[in-house]
1. Does any residue of region 78-87 turn out to be of a type in the set (Gly, Ala, Ser) and either more than 21 Å from the chain's Cα centre (by Cα) or in the same structural domain as Leu55 (by TED's automatic domain parsing) (or both)?
2. Take the conditions among the hydrophobic types (A, V, I, L, M, F, W, C) and not assigned by TED's automatic domain parsing to the domain that holds Ala41 and apply them to Leu61. Does it pass?
3. Would you mind telling me which numbered condition in (1) outside the structural domain of Leu135 (by TED's automatic domain parsing); (2) in contact (Cβ under 8 Å) with a residue 24 or more places away in the chain; (3) surrounded by fewer than 15 Cβ atoms within 10 Å (Cβ to Cβ); (4) under 16 Å from the mean Cα position of the chain (by Cα) Asn22 fails?
4. If Leu110 satisfies all but one of (1) exposed (fewer than 11 other Cβ atoms within 10 Å of the Cβ); (2) at pLDDT 90 or above; (3) over 27 Å from Thr23 (Cα atoms), what's the number of the condition it fails?
5. Residue under question is Ile40, and the condition is that it be modelled with pLDDT of 90 or more, loosely packed, with under 12 Cβ neighbours inside 10 Å, within 21 Å of the chain's Cα centre (by Cα) and not assigned by TED's automatic domain parsing to the domain that holds Phe136; does it hold?
6. Report, by residue number, each residue of region 35-60 that is in contact with a helix residue (DSSP H, G or I) (Cβ under 8 Å, 6 or more places away or on another chain) and small (Gly, Ala, Ser).
7. List the residue pairs whose Cβ atoms are under 6 Å apart, where the first residue sits in region 90-115 and is within 29 Å of Phe136 (Cα to Cα), the second is exposed (fewer than 13 other Cβ atoms within 10 Å of the Cβ), and the two are 6 or more positions apart or on different chains.
8. Of (1) modelled with pLDDT under 95; (2) assigned to a helix (DSSP H, G or I); (3) crowded, with 16+ Cβ neighbours inside 10 Å, Glu71 satisfies all except one. Which?
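The values are calculated or read from the model by the stated rules, or taken from the named source; none is laboratory data. Just so you know, these numbers come straight off a predicted model, no measurement behind them. Here Cβ is always computed from backbone atoms with ideal geometry, including for glycine, and neighbour counts include all displayed protein chains.
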Amino acid sequence: MKDICESERSKLQRWGKFQLPNTYKKIGWSIVIGTFLLMIAKKFVDEPTWVKPVLRNAMILGFLIVSISKEKIEDELMASLRATSYRLALIIGVLYALVQPYVTYAIESLLDPGNAELDNGYFQVLLYILLVQILFFNALKRSS
């Protein structure tokens, strides 16, 4: 039993340290920018219903690639800053997910009482968490 637990712990530690090479950061930003431009372009064109979720998922994937890509110099300080930024992003993201639907509901109730609903989609929450993590990591990196 102890060997099984040790094996599982080892696997989790490897996945916990998983990072993409630094060159993937450019790929991630290319995906984000390309997806953003396609989202703007689709506003002027009639598209099938499957396009919007695919573009949203592509944008989340792009931000995730940027988030887990190594820095050019990845040392213990960068690992510590990255862990701090993930922790802050998770806390702020959870608070956002809890509060935002009520704020939106209150505003919609004031503007159009018949159509107000409590909804906060996965795209909005995941995008917010990834953006906050990237912003905090860059801010922490600059300040150290």
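1. The answer is no, given that none of the residues of region 78-87 is of a type in the set (Gly, Ala, Ser) and either more than 21 Å from the chain's Cα centre (by Cα) or in the same structural domain as Leu55 (by TED's automatic domain parsing) (or both).
2. Against the criterion (among the hydrophobic types (A, V, I, L, M, F, W, C) and not assigned by TED's automatic domain parsing to the domain that holds Ala41), Leu61 does not qualify.
3. Every listed condition holds for Asn22 apart from (4).
4. Every condition holds for Leu110 apart from (2).
5. For Ile40, the condition - modelled with pLDDT of 90 or more, loosely packed, with under 12 Cβ neighbours inside 10 Å, within 21 Å of the chain's Cα centre (by Cα) and not assigned by TED's automatic domain parsing to the domain that holds Phe136 - is met.
6. Within region 35-60, Ala58 is the sole residue that qualifies.
7. What qualifies is Pro101/Leu118; Tyr105/Leu118.
8. (2)
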